[in-house]
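Trainee: One structure, pasted below without further comment.
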Amino acid sequence: MSKNTTTNVSGAQAADHDRIYIFDTTLRDGEQAPGATMTLEEKLQIAELLDEMGVDIIEAGFPIASNGDFEAVSEIAKRSKNSVIAGLARAIPADIDRAGEAVRHAGRGRIHTFVSTSPIHLAHQMKKSQEEVLEIVTQTVTQARNLIDDVEWSAMDATRTPLDYLARCTEAAIRAGATTINIPDTVGYSTPEDYCQLFKDLIEMVPDSDKVIFSTHCHNDLGLAVANSLAGVRGGARQVECTINGVGERAGNAALEEMVMSIRTRSDVLPYRTGIETTHLTKVSKIVSAAANFPVQYNKAIVGKNAFAHESGIHQDGVLKHAETYEIMTPESVGLKSTSLVMGKHSGRHAFKEKLKDFGYELGDNQFQEAFARFKDLADRKKNVYDEDIIALVDDEIGSAGDRIKLVELEVISKTGGEHRCYVKLDVEGDEVSVIEEGSGSVDAIFRAIKSAVGAQPRLVLYGVDAVTGGTDAQANAHVRLEMNDRIVSGRATEPDTLVATARAYLSAYNRLLVDRGAAAQGALASQSV
């Protein structure tokens, strides 16, 4: 493979001291969250949105993990217009070669390689000495640099690594050719004061530290990911690794939207800037939520449903008089648009399409027609159709597109102290299958019937139902998480009928089990990443 000689972010603009580079790892670390596996088409759509939004570096995946991941990274590399495209690699020669191959078509590519450095990881996971790991750092960073000019090196579990040893590893990585040094808080252990000081100490101790970009990568186990990342920036980091909606392993990662809007809103104490077009934030949040099947909590900062909602009379009065009394940023700044459209059964296609545009959705013709038909059906049954109803309906439509197994008919009989029976008819890849099963309750009967019809026995990990809006006519939003063959997937569905929503959510999850079964191998490898 020829060496990629394109200009990298680190070397070209290291002198721009106030510029913070946004490294988005939604498609890699975000996808490692159990049940968040995305299809190739979903990854390509998200990567395109991130590229348009101004994300500096997109970590598109872990190429060695599976053929599907390699294909996704390669295709994103070919299509990217502005962003650097990175592929993750363990400190293993085969990983590094595979990552280099995946990003070689990018206008600007990066290999991101990592190795554990903390005593607990070296003793129990790596089973190697400090000197052995130092040699691995030098060898693997050198190998990566021989393939491409832009190399990022990460010290996994850096915040639990002795400072002197972390400095030695960092120096070795820089000498071997790394252009970005990532100091991750892999297990969310650090505090802002400690993390800030860590960067200050490393930058002062390590020779040639001024020739590279230092990066944060914080997990949210203690709810400090964004605070720690901002502290790292104060300590000298100029790249921040984050994900849309904060998705990621365990409690997730630093949320991109919170990082960016904190810097924009509090420029008085955070005198930095990013290249992110913030009006894209709401749209990309919804797309990622639908693709990963991870609902955004209502009170989530910046992109949650209640982020710009006011119910208290005092708050409403203040906002009506002057928005800044209770809003420190405008809804428009994150891509929300106010509208006077009132949606109901008399609304036409044009009004519905405009409403979807306001929410950041752009559907293909077939998806739009299906969504509009479901909206009209909902409007006939529901007195008030709220924005949340439409958002849930469209998210559900996007999530179910291309399903190989679809619900045709459902009938449930349930008696107090008596039988619970479900009749279900499914379309299984064009063939109709009908089954009747009994269960200990209505939901149990539904799940038994579906499992019998599809001929598989996934394990139910999670089942839950909540209301999209208030009132007895509110739509039910059902969530199902299934596990089969060491793979966990999530599904959800929204319907006026709770039992229909339950059945469709179960099928949504099962359909995801049918997608890219080769990706199942990803979990074992990805669990070792930074």
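Throughout, read-outs are computed from the coordinates displayed, never taken from laboratory work. Here the structure is a predicted model, which means the values were calculated and not measured. Glycine gets a Cβ as well: all are built from the backbone with ideal geometry, and neighbour counts include every protein chain shown.
Trainee: Quick one: which residues, 5+ away or cross-chain, put their amide H under 5 Å from the amide H of Ala33? H built at 1.01 Å from N.
Mentor: Hits under the 5 Å cutoff: Gly248, Glu249.
Trainee: While we're looking at this one, here's another question. With r as the distance between the Cβ atoms of Glu101 and Glu135 and R0 = 35 Å, compute the FRET efficiency 1/(1 + (r/R0)^6) and round to 0.05. Working shown, then result.
Mentor: Working: r = 25 Å, r/R0 = 0.70.
FRET efficiency, Glu135 to Glu101: 0.90.
Trainee: Sticking with this structure for a sec: How far is it, in nm, from the label point at Gln297 to the one at Thr325 when both lie 7 Å from their Cα along the line to the Cβ?
Mentor: For the pair Gln297/Thr325, the computed spacing is 2.9 nm.
Trainee: A further question on this structure: Using 0.36 nm times the number of residues separating Lys128 and Lys81, minus their current alpha carbon distance, what extension gain do you get? Numbers along the way, then the final one.
Mentor: Details: separation 47, 0.36 × 47 = 16.92 nm, distance 4.11 nm.
Fully extending the segment from Lys128 to Lys81 adds 12.8 nm.
Trainee: With the crude spin-label approximation of a point 7 Å out along Cα→Cβ, what separation in nm comes out for Glu362 versus Lys305?
Mentor: Here the answer is 2.7 nm between the modelled labels.
Trainee: Follow-up. Give the angle, between 0 and 90 degrees and rounded to the nearest 10, that separates the Cα long axis of helix 67-79 from the longest principal axis of the Cα atoms of the chain.
Mentor: Rounded to the nearest ten degrees, it is 80.
Trainee: Among the trypsin sites (Lys or Arg not before Pro) in region 413-503, which ones are in a DSSP loop with at most 13 other Cβ atoms within 10 Å of the Cβ? Mind listing them?
Mentor: Sparse-neighbourhood loop trypsin sites (Lys or Arg not before Pro): Lys415.
Trainee: Taking R0 as 22 Å, what's the FRET efficiency between Ala94 and Leu40 from their Cβ-Cβ distance, rounded to 0.05?
Mentor: Details: r = 23 Å, r/R0 = 1.03.
Approximately 0.45, to the nearest 0.05.
Trainee: Where does the chain land at 222 nm, in deg cm²/dmol rounded to the nearest 500, when only DSSP H runs of n ≥ 4 count, each adding -39500 (n - 2.57), divided by all residues?
Mentor: Numbers: 17 runs with 206 residues, N = 530.
Result for the chain, helices only: -12000 deg cm²/dmol.
Trainee: On full extension of the chain, what length is gained from Asp427 through Ser414, given 0.36 nm per residue of separation minus the C-alpha to C-alpha distance? Intermediate values should be presented prior to the final figure.
Mentor: Details: separation 13, 0.36 × 13 = 4.68 nm, distance 2.44 nm.
So the extension gain works out to 2.2 nm.
Trainee: Kindly write out, for region 128-141 in residue order, the coupling ³J(HN,Hα) from the Karplus curve 6.51 cos²θ - 1.76 cosθ + 1.60 (θ = phi - 60°), rounded to whole Hz, with x marking Gly and Pro.
Mentor: Once rounded to whole Hz, the list reads 9, 7, 4, 5, 5, 5, 4, 5, 4, 4, 4, 5, 6, 5.
Trainee: Another question, then. Once R0 is set to 45 Å, what does the formula 1/(1 + (r/R0)^6) return for the Cβ-Cβ distance between Glu332 and Leu514, expressed as a FRET efficiency to the nearest 0.05?
Mentor: Details: r = 41 Å, r/R0 = 0.90.
FRET efficiency, Glu332 to Leu514: 0.65.
Trainee: Given an 8 Å cut-off on Cα distances and at least 6 residues of separation, report the relative contact order of the chain as a percent.
Mentor: In percent, rounded to a whole number, it is 12.
Trainee: While we're here: Taking a ≥ b ≥ c as the square roots of the eigenvalues of the Cα gyration tensor of the chain, is the shape rounded (a/c under 1.5), prolate (a/b larger than b/c) or oblate? If you can, show how the numbers build up before the last one.
Mentor: On the way: a/c = 2.09, a/b = 1.51, b/c = 1.38.
The shape class here is prolate.
Trainee: OK, next. What net charge do the residues around Tyr21 carry, taking every other residue with its C-beta under 13 Å from that of Tyr21, with Lys and Arg at +1 and Asp and Glu at -1?
Mentor: -3
Trainee: Then there is this: Just report the Cα centroid separation between region 480-507 and region 26-55, whole Å.
Mentor: When both Cα centres are located, 21 Å separates them.
Trainee: Which angle from 0 to 90°, rounded to the nearest 10, does the C-alpha axis of helix 349-358 make with the longest principal axis of the chain?
Mentor: Compared with the principal axis, the helix lies near 30 degrees.
Trainee: What is the Cα centroid distance between region 217-249 and region 452-475, reported in whole angstrom?
Mentor: 33 Å
Trainee: Right, something else. What do you get for the angle between helix 163-176 and the principal long axis of the chain? Use alpha-carbon atoms, 0 to 90 degrees, nearest ten.
Mentor: That helix lies at roughly 80 degrees to the long axis.
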